[in-house]
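Participant: What follows is a single structure, and I will ask about it in a moment.
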Amino acid sequence: MTGYDQTGCWAAGELETAAAKPIVLVAAVALVDPDGRVLIAKRPPGKQMAGLWEFPGGKVHQGETPEAALIRELHEELGIDTRASCLAPIAFASHGYEDFHLLMPLFACRVWQGTPSPKEGQELAWVRPARLADYPMPPADEPLIGLLRDLL
Ligand SMILES: Nc1nc2c([nH]c(=O)n2[C@H]2C[C@H](O)[C@@H](COP(=O)(O)OP(=O)(O)OP(=O)(O)O)O2)c(=O)[nH]1
């Protein structure tokens with residue numbers, strides 16, 4: 001070894017690098033309000049990872065761009081409208097779940113029309129980036145929490 005001790009990422013061991021599982025593309029967004037708070041939603045009972053908090057978004061359909069998927073999901077899930085030009089790419093998650101590998105671009109959005117409201121019965125919370133760690137999120141999201149604290 002040169003340079004660094006065997007700590008941190010090296011000590012964590014080798015992660016999967018072969019794409020043995022399907023890669024699922026999910027677009028997600030950090031909606032940021034004028035006070036700098038971020039909207040998260042609780043995954044409802046009955047779904048995989050129920051009870052964990054997530055960024056709004058969902059699977060990108062065949063023939064859709066991540067931006068178009070988000071515009072659709074924001075309308076369906078929260079009843080708000082935004083535009084691709086209001087979605088700024090800021091980070092991504094790449095995480096191996098048991099059945100699939102999640103690839104999730106994360107956008108930031110500060111401009112939309114309407115008031116976010118839970119159209120699918122989900123619980124919503126506006127949270128300061130520094131407090132996101134208080135809300136249990138899927139393992140894929142964990143590396144994003146510190147990033148958002150620094151970026152937003
Ligand atoms: N929207 C969103 N999904 C996330 C996050 N983190 C994370 O691991 N995911 C996972 C959970 C799901 O497996 C997948 C999102 O897919 P989805 O919301 O369209 O699908 P779902 O599992 O809720 O249900 P379905 O539409 O397939 O019935 O991505 C996140 O922060 N936001």
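Participant: Can you tell me which condition L78 does not meet? The list is (1) within 11 Å of the ligand (Cβ to nearest atom); (2) touching a Pro at 6+ places or on another chain (Cβ under 8 Å); (3) at pLDDT 95 or above, and all the others hold.
Facilitator: Here L78 meets the rest and fails (1).
Participant: Within the set of pairs 6+ apart or on separate chains, which have a first residue in the range 133-146 that is closer than 13 Å to L106 by Cβ and more than 7 Å from the ligand (Cβ to nearest atom), a second that is outside any loop (DSSP other than H, G, I, E, B) and among the hydrophobic types (A, V, I, L, M, F, W, C), and C-beta atoms under 8 Å apart?
Facilitator: P143/A93; L144/A91; L144/A93; L144/L106; I145/L132; I145/A133
Participant: Based on what the data block shows, is A41 assigned to a strand (DSSP E or B) and within 11 Å of the ligand (Cβ to nearest atom)?
Facilitator: For A41, the condition - assigned to a strand (DSSP E or B) and within 11 Å of the ligand (Cβ to nearest atom) - is met.
Participant: Separate question: I'd like the full set of residues that are part of a loop (DSSP other than H, G, I, E, B) and over 15 Å from the mean Cα position of the chain (by Cα), limited to the range 52-70.
Facilitator: Scanning the range 52-70 gives H61, Q62, G63, E64, T65.
Participant: Within 11 Å of the ligand (Cβ to nearest atom), in contact (Cβ under 8 Å) with a residue 24 or more places away in the chain and in contact with an Asp or Glu (Cβ under 9 Å, 6 or more places away or on another chain) - does that describe any residue in the range 85-92?
Facilitator: no
Participant: Can I ask one more? When you go through L102, L25, L31, L106 one by one, which is the residue that is among the hydrophobic types (A, V, I, L, M, F, W, C), surrounded by 11 or more Cβ atoms within 10 Å (Cβ to Cβ) and touching a His at 6+ places or on another chain (Cβ under 8 Å)?
Facilitator: After applying the criteria, what remains is L102.
Participant: Can you say whether L148 is assigned to a helix (DSSP H, G or I), of a type outside the set (G, A, S) and within 25 Å of D35 (Cβ to Cβ), as far as the supplied structure shows?
Facilitator: Judged against the criteria, L148 is a match.
Participant: Would you mention how many residues in the range 44-71 are crowded, with 16+ Cβ neighbours inside 10 Å and either within 12 Å of the ligand (Cβ to nearest atom) or modelled with pLDDT under 95 (or both)?
Facilitator: Summing the residues that are crowded, with 16+ Cβ neighbours inside 10 Å and either within 12 Å of the ligand (Cβ to nearest atom) or modelled with pLDDT under 95 (or both) in the range 44-71 gives 11.
Participant: Go through the range 109-143 residue by residue and tally those that are in contact with a Leu (Cβ under 6 Å, 6 or more places away or on another chain), assigned to a helix (DSSP H, G or I) and among the aliphatic types (A, V, I, L, M).
Facilitator: 1
Participant: Out of curiosity, is G13 touching a residue at least 12 places away in the same chain (Cβ under 8 Å), assigned to a loop (DSSP other than H, G, I, E, B) and surrounded by fewer than 13 Cβ atoms within 10 Å (Cβ to Cβ)? Lay out the reasoning, then the answer.
Facilitator: Details: touching a residue at least 12 places away in the same chain (Cβ under 8 Å): no; assigned to a loop (DSSP other than H, G, I, E, B): yes; surrounded by fewer than 13 Cβ atoms within 10 Å (Cβ to Cβ): yes.
So G13 fails the test.
The values are calculated or read from the model by the stated rules, or taken from the named source; none is laboratory data. Computed from a predicted structure; not experimentally measured. We place every Cβ from the backbone using ideal geometry, glycine too, and count neighbours over all the protein chains shown.
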